[in-house]
1. Tell me, please, whether a residue that is assigned to a helix (DSSP H, G or I), at pLDDT 90 or above and surrounded by fewer than 19 Cβ atoms within 10 Å (Cβ to Cβ) can be found in region 498-510.
2. Would you check which residues across region 562-585 are crowded, with 16+ Cβ neighbours inside 10 Å and closer than 24 Å to GLY504 by Cα and list them?
3. For region 342-350, does any single residue satisfy the condition of being farther than 19 Å from LEU457 by Cβ and surrounded by fewer than 18 Cβ atoms within 10 Å (Cβ to Cβ)?
4. Pairs needed: first member in region 22-48, in contact (Cβ under 8 Å) with a residue 12 or more places away in the chain; second member anywhere, part of a strand (DSSP E or B) and among the hydroxyl-bearing types (Ser, Thr, Tyr); C-beta distance under 6 Å; at least 6 residues apart or different chains.
5. Name the helices (runs of 4 or more DSSP H) wholly within region 336-437 that hold at least 3 residues that are closer than 24 Å to ASP486 by Cα and of a type outside the set (A, V, I, L, M)?
6. Name the residue that is modelled with the highest pLDDT, counting only residues in region 126-166 that are in contact with a strand residue (DSSP E or B) (Cβ under 9 Å, 6 or more places away or on another chain) and charged (D, E, K, R).
7. Only one residue in GLU58, GLU41 is in contact with a Gly (Cβ under 8 Å, 6 or more places away or on another chain), among the acidic types (Asp, Glu) and part of a loop (DSSP other than H, G, I, E, B). Which one?
8. Can you give me the number of residues within region 199-216 that are in a loop (DSSP other than H, G, I, E, B) and touching a residue at least 24 places away in the same chain (Cβ under 8 Å)?
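The values are calculated or read from the model by the stated rules, or taken from the named source; none is laboratory data. Just so it is clear, the structure is predicted and the values come from calculations on it, not from any experiment. Backbone-built Cβ (ideal geometry, glycine too); neighbour counts: all protein chains shown.
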Amino acid sequence: MQEAETIRLKGRDDSGRVSSRVLEERIQEAVTQGASSIEIEAFGQHGLGGRIFKPGGEDTRVVITGASGQRAGSMGFPGTTIQIMGPASDDIGWLNAGAEIVVHGHATNGACNAMAQGRVFVAGNIGSRGMTMTKFNPRFEPPELWVLGSAGDYFAEFMAGGVAVICGHEPQDPASVMGYRPCVGMVGGKIFFRGPIEGYSQADARLESISDEMWEWLSTNLRIFLQKINSENLYDKLCVRQDWQCLVARTPMEKVGARRRSMAEFRDEVWDEELGRGGLIGDLTDLDRSQIPIITTGDLRRYVPVWEHRKYMAPCQWSCPTGMPVQERWRLIREGKVDEAVDVALAFTPFPASICGYLCPNLCMQGCARTASNLQPVDITCLGREGTRSRVPDLPDLSGSRVAVIGGGAAGISVAWQLRLMGHDAVIFDLEKVLGGKMSTAIPANRIPAAILDTELERVRKVLPHVHLQQKLSRSEFEQLKSDFDYLVVAVGARTPRTIPIPGSDRIIPALTFLKNARQGTQTVGERLVIIGAGNVGCDVATEAHRLGAREITLIDIQEPASFGKERREAEHAGARFRYPCFTKEVTTEGVVLTSGEVIPADT
């Protein structure tokens, strides 16, 4: 067989459709016999053009006509070029390891899923979850996906490397060339795109200015892409630098808010600090050769606490979201200084009783080192509830700086409280009639006694006398605040409930609305109640509904409920039933209809 000869294979013969396995065997046989050019008239077969390997490194050209099936070019090797002379089905270039794939039409879902090398060119749009879970080995060129049109929903989900280019030419959705929720879980790679997008996962990606070097790469390879798909006439239209933007994955350091040390800083601040000059080979140098002390970190630090002059933070303090020195409070109690132990909390929160005593899941107790010895953690709630006795802390003189805090909930009050403890004048503005946010308007009274919250809010007002309630700020009023104050803090919380976009969703009462109405005494409830979502908020709704007269309460969830602690126990005590997995299809006058067809009767 001559290498230049084109071998033609058909996906259908006299006996009917050829199976994908048999057609794959015929392709591999042709390659083994030396074929370098293969044309395939496909009839929906899967995996065409993938796994073609020639030990000698010769190139192989594959042309696919007809109806290409799923995973064309899957596990493709370097040296393989695949031309799909029409649209491509799902998972084009799946696990591609080096092949070049050109699609002369649209591609459906999963384009380039888990691709590690190679390039995929698409002359139209692609479906959802393109460029997901891609990889990048720095020893090789990064994988590339080029799309002339737009991408579907969940683009670049868990993308871990490579480059995607979305040209935005005649997109399927002109309002967003990357569909719904792109970049969720993205940890590597970059995306060049042209056209509007309706948001992206800002926790995982960030916009980056296109440098001269990046533009040189993009403009050069854009011409190559357009040549591959026979659309060179679009180059001048698409190659306009100001039309393009770039998204890159956030680094782990960016995600945790830390700064990466340079190697020099690491050696000075960590290595030499812990091991001494010379480190592990100090005996071979004339540098410091002092003994290396044990480094109490990890499990050793967690289960065998060694203070080393407070060099390491206690597990309870580390677990507390506010960083409250729990161990220090118990030390004061052991010394008989109970009032001082209670007052310590005010340096960290204006709500020591409401939060530590009632609302907090007490992460400090979960992190307590006593649990490693099968002992009960020290109960912080009893100390927290004594916080109502704490006096107003001594306040420093005002510094002259004024800060407006928009939002009078737990976050806004806490920010204003800390600012005043530092000497700055903080003024709170809030929409509600009462101070305290959801603690005052939504959290059920059985979770926190009204007298406790009132006592702590009264102490807050003594520290923060300037509180403006029922303040719905207009744009002009907001601009005025920017002029009147040195700084503005926005702590408005989540005010718009999320609803499920299913038929009958107008019959659903959002949990936040229900809880607020229940606190105000305006909420009614039928005897049969279904709660969609069985987390702790759902449990709060269950206990309030039981108080209002509901007798059959069912909480449904798509997975094992995430609720725990006091909220879960009180919902169960109210007789609530938990069911999962349940997938909601619609809500009717009869109740909640599941995707299984079952109807769970409900009045509310």
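1. yes
2. Matches in region 562-585: ALA576, PHE578, CYS582, THR584, LYS585.
3. No - not one qualifying residue is present in region 342-350.
4. The qualifying pairs are SER36/THR60; SER37/THR6; GLU39/THR6; GLU41/THR65.
5. 410-421
6. Only one residue fits best here, namely GLU144.
7. GLU58
8. The total comes to 6.
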